[in-house]
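The values are calculated or read from the model by the stated rules, or taken from the named source; none is laboratory data. Bear in mind the structure is a predicted one, so any value in this text is a computation, not a measurement. Glycine gets a Cβ as well: all are built from the backbone with ideal geometry, and neighbour counts include every protein chain shown. The accessibility values were calculated without ligands, DNA or RNA, using every heavy atom of the protein model including side chains. Shrake-Rupley method; radii C 1.70, N 1.55, O 1.52, S 1.80 Å.
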Amino acid sequence: MQTQTTLEDIIERLRAAQKEFEEELDRLLAKNREEFHYTLDRGKVIFENGVRQFQLQQRTGVWRYLRKTPLAFIASAPVIYGMFIPLALLDLSVTIYQHVCFRIYGIPLVVRSSYLVIDQHHLAYLNGIEKLNCMYCGYVNGLISYAREIAARTEQYWCPIKHARLAPDLHRRVEKFFDYGDAKAWRKMHASLRSDWGEDSSSKPAYHDKGKN
């Protein structure tokens, strides 16, 4: 069908654009490492001599930072950080789930460390509160991406059918799913899609930094 062919062409262009996007991000990250004088050694950030001292000079002290912070922001902190408990439970739950169920189903495991990238605390120009905030944001956003990929792989295995209406920000696996109402494809190809993980088994997130020391 012409519509299907057009959609496949668009998907192919999107894949090419995604690859180009990741390559450009890698190039920019390499440029940033050179500009801000740091390298990566097995994921560990290493700054050149003198850089840390310069960053320390740019840091705002904790008490000065708190004096400048609106009272409403401080009052909201328990609500924000109170979310850590259910989020930690989510982390534990989805990790146990995939290690038990994915092994039974034969689904490649999602590599947690690929999604939970927490490194802003190495920046000396951040004070203790700013470091804690950045670490928390990095954990939460990485956790949501990690959990979403686990859910997406589960959906691909059990119910890879597109919805009748478009939802915003669909996960990337949906492009493999069967059209809503296509009973023949569902019956004929469902089993094959359960093993069609391709490059996805590498569990690569949206972008990654290839920098090494």
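Find the relative contact order for the chain and round it to a whole percent, using C-alpha pairs within less than 8 Å whose residues are 6+ positions apart.
28 percent
Counting only protein heavy atoms and a 1.4 Å probe, tell me what percentage of the chain's accessible area is made up of carbon and sulfur.
Summing carbon and sulfur atoms, their accessible area is 60 percent of the total for the chain.
Could you tell me the convex hull volume per residue, in Å³, taken over the Cα atoms of segment 1-106?
Each residue corresponds to 260 Å³ of Cα convex hull volume.
Given that just one value was derived from the coordinates, which of (i) 47, 39, 29; (ii) 55, 35, 34; (iii) 66, 39, 32 is Cα extents along the principal axes in Å?
Looking at Cα extents along the principal axes in Å for this model, the match is (iii).
Counting only heavy atoms of protein chains, what accessible area per residue, in Å², does the chain have with a probe of 1.4 Å?
70 Å²
Farthest toward the dipole's positive end in the chain, which of A152, L87, L29, given Cβ charges of +1 (Lys, Arg) and -1 (Asp, Glu) about the Cα centre?
Toward the positive end, the furthest listed residue is L87.
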